[in-house]
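So the structure is just underneath, and the comments pick up after that.
The values are calculated or read from the model by the stated rules, or taken from the named source; none is laboratory data. Worth saying up front: this structure is predicted, and the values here are computed from it rather than measured. Here the Cβ is made from the backbone with ideal geometry for all residues, glycine too, and neighbour counts use every protein chain on show. Protein only, heavy atoms only, side chains kept; ligands, DNA and RNA dropped before computing areas. Shrake-Rupley method; radii C 1.70, N 1.55, O 1.52, S 1.80 Å.
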Amino acid sequence: MRYLMIPIFLLITSLSFGEGTGTINGRIIHLADSFFEDVEILIPSLNQSTYADEKGNFSFKNIPFGHYQLYASYFSESFGPIEVDLFQSNSKIIEFSIKLEGNHYTLNDFVVEGKTESELLKNSGIKAEIISLKNMAERSTSLEELVNRVPGIKIRNTGGLGAADNIMVGGFSGNAVKYLYDNIPIDYLGSNYTLSKIPVNNLERIEIYKGVLPTKIGTDALGSAINLMPANSNNTSGSFSYEQGSFATHIGSVNANIKLNKHLFIGTSTFYNYSKNNYFVDHLPFRNPDNGQVNYIKERLFHNGFKQYSTEFYLQGRNLKWADRIEFKGNVYNLEKEIQNDPFSRARPFGGVMRKEYAHFIPSFKYKKYLLNNKLNLNQFLVFSTIHFEMFDTLRNTIYDWKGEKQHTGSSSEMGNMNLKNGYLSNTLQQTSSRTNMSYLINNRFQVEANIVLNQYFRKSNTDLLNPLGTFYTKSISNLSFNALFLDKKLESNSQIKYLYGYLTGQSRPIDYPNQVSVPTKDIINSGFSFAQAFKFNINRENYLRFSYENTYRLPDQEELFGDNNLVLPNYSLKPEQSNNFNLGYVYQSKKLRAESNIYYRNTKELIRLKDINQYQAIYLNLDNVSGFGIELDAHYEPIDNLSMAGNLTWNNYRLYASNDPMLNNKHYEQARIANMPFYFTNLSLSYNFKDLLKMGGNISLFTDYSYVHQYYLDYIERQFEPDGFLGLWGQSKINTNRIIPVQHLLSVGMNYSRPLGKNSIAFSMAVKNVLNYEIYNEFKMESPGRNFRAKLMYTF
């Protein structure tokens, strides 16, 4: 009898060209005889095989992303399979050995060493923060909370489930930060898919890009984009979850991927949200009807509810002769939001204003194919959507006070806006989008990639008297990139050139002449080129540097151009924003510690900002030129098994150096810090997993998260009146103002219990948010919920 030990280590390379192919490198090591040349490694599904060389090394190149079974063959005997998800394999080591006894061979166990796709993206040349949701799916938390703990990011909303949010990433905010779903700009889904609405277990991960964007993204963000990636499985799998919380909050979701045969899959991603959002808010103005005196009181919000259902279903064909993947998908959704107050303050409550948004059916198509021996990757996406937006303001001669009681008035409506026809606004947005992505692998060091996104918008409104037939807007973004490896693969390079084109036709009165009788049809064209360069230098296995520069443009979005013909007026004369961005980062990573520092600089011109023009209405204008820099520090540490610690801090120094706003266009506000934007914040997280506690067959984990936001001002204040001290973090302003968002401390704690049920599992989680019951303020000093509770039950199959 003799024993032969053959551990096989599969190392999936960290270089990913495009989104289609990768390389599997392996090595065979034995503890007995030398027979490396006789060991064959096979991938039957691709009809590919190779032999180990005299040192035991073997390699498969240009392998499409996917799930594979690898076999080892020796003297006509086959061993395996070894299951490998290329760029999705588990980052762990499993022992592989072959036992020889005469001519009989048996497989004992095996080991695959690799990196997850999230790890590869996080450590690529293009700066990305990756939130893997696989381990977070069972938690009673939200995507908004998870993203809000990422360095350089701060999310502000108007409070509660389903509220509109404004995210700041690396100093950019508003529409300068783009959202995508599965690499496609998300506006074809309206406001259905946002961080405040999607349950955590409906996605696989979130990709947050800072600085240069990957070519596959194909959008015109000013250096920041958030890509929501759905789950993808090669087997039948899914989950059911139900979450309940304070303020009559209920969240349910169903996810399923059903494998009908080896080529055909069907699935769904469905969720439901409901909440009254009736939390207490302080400092509400209340006019005493007896004496007319105004006092500030604390009351519950009474008309702030939110309800939503969303269904996505798909039919997929995989690994066909004529398509590696083909997919037909449909989306249906409906959401209703009660409007409690105007978007910028709580000076006046509403009791009957309502907003609705829905889409009956949004069809989309995706096709993917590898050609020319897997060197050419073609990826095509098409979608057509029709989304209906409605607003109701039908009350007459009635207003509400903050106690929820009706008061008689002579006002024609609650909002005081006469633009609505009989208190009703109807906007319909039709969008056709195409995204074509192609990449060609020249060799293992060079690759070219092209990405073309074309969007066509048609908007029609019952209140747009100038354009009764509707308004058209066409927007296209073409991107060409060259990826390369130099210096024995130590230096990674990504070079991009992008062409942006926008065409708008319609009628709109100039803001300077609102009563102009004759309004000509405008044909407006905006276009420009942008350039980007990113480098990554691998010092060694534990240290690397990243650097990027881009001169980028952002075309105005359709909502900035069209407005809503009610609270936001149209402005067809908007010009593109332009920004020069620099990013420099250093990363150290070992088995227990990952530490990262980043410095970034922005110089942005023609910044688009929403500007009030009267008590009720606003308009988007090219107003500000802004420049400045920021610093991020981030660390993750696992000192012992099952204990995880993380922390980060962000400090931004963005300042105004010119403005077209008459209120700011003077020397007094030159170099003033950007208003209504947090400039210093930190996050801390701690979690511990009690594996198989008390031999109950399950895992219990405890976690806590803390966030600190330094005070900042709602308005611009002159630089000479800013607080003194290091980085402006100590001292008080030298002017007296109550237009300030004070220091905030947000602490949350929770636990999660999970246990297997055969091949399935069940989990229960609960969390207490804002444990300290601090007054937490968000966008325009809107108060967020105080201490509240959530509990979640989830079943996975």
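With contacts taken as Cα pairs under 8 Å at a separation of at least 6 residues, region 645-713 carries a relative contact order of 34 percent. Please give the net charge around ASN494, taking every other residue with its beta carbon less than 10 angstrom from that of ASN494, where Lys and Arg add +1 and Asp and Glu add -1. Residues close to ASN494 contribute a combined charge of -1.
Each peptide in 638-644, 197-203, 680-686, 123-129 was scored by the mean count of other Cβ atoms within 10 Å over its residues; highest first, the order is 197-203, 123-129, 680-686, 638-644. Calculate, for HIS250 and TYR51, the FRET efficiency according to 1/(1 + (r/R0)^6) with r their C-beta to C-beta distance and R0 45 Å; round to the nearest 0.05. It comes to 0.15. ILE740 sits with roughly 40 Å² accessible to a 1.4 Å probe, with DNA, RNA and ligands left out of the calculation.
Surface calculation, 1.4 Å probe, protein heavy atoms: ARG673 sits at approximately 40 Å² accessible. Relative to the current alpha-carbon distance between GLU299 and LYS591, full extension at 0.36 nm per residue lengthens the span by 100.0 nm. If we count every other residue with Cβ under 14 angstrom of ILE608's Cβ, Lys/Arg +1 and Asp/Glu -1, where does the sum land? Spelling it out: positives minus negatives among the neighbours equals -2. Here the gap between LEU491 and ASN540, fully extended at 0.36 nm per residue and compared with their Cα-Cα distance, gives a gain of 16.5 nm. Rolling a 1.4 Å probe over the protein heavy atoms gives region 619-753 an accessible area of 50 Å² per residue. The packing ranking, built from the mean of other Cβ atoms within 10 Å per residue, places the peptides 164-177, 756-769 in the order 164-177, 756-769, highest first.
For TRP651, the solvent-accessible surface with a 1.4 Å probe is about 20 Å², rounded to the nearest 10.
Among the listed values (1) 36.9; (2) 53.1; (3) 44.8, the one matching mean projected area of the Cα convex hull in nm² as calculated from this structure is (1).
Computing FRET efficiency as 1/(1 + (r/R0)^6) for HIS388 and GLU670, where r is the C-beta to C-beta distance and R0 is 35 Å, gives about 0.20. By accessible area, using a 1.4 Å probe on protein heavy atoms only, the chain has 56% of its surface on carbon and sulfur. Structure note, pairs LYS154/LYS769; LYS127/LYS369; LYS61/LYS368; LYS127/LYS498; LYS61/LYS321; LYS298/LYS337: Cα-Cα distances above 25 angstrom occur for LYS127/LYS369.
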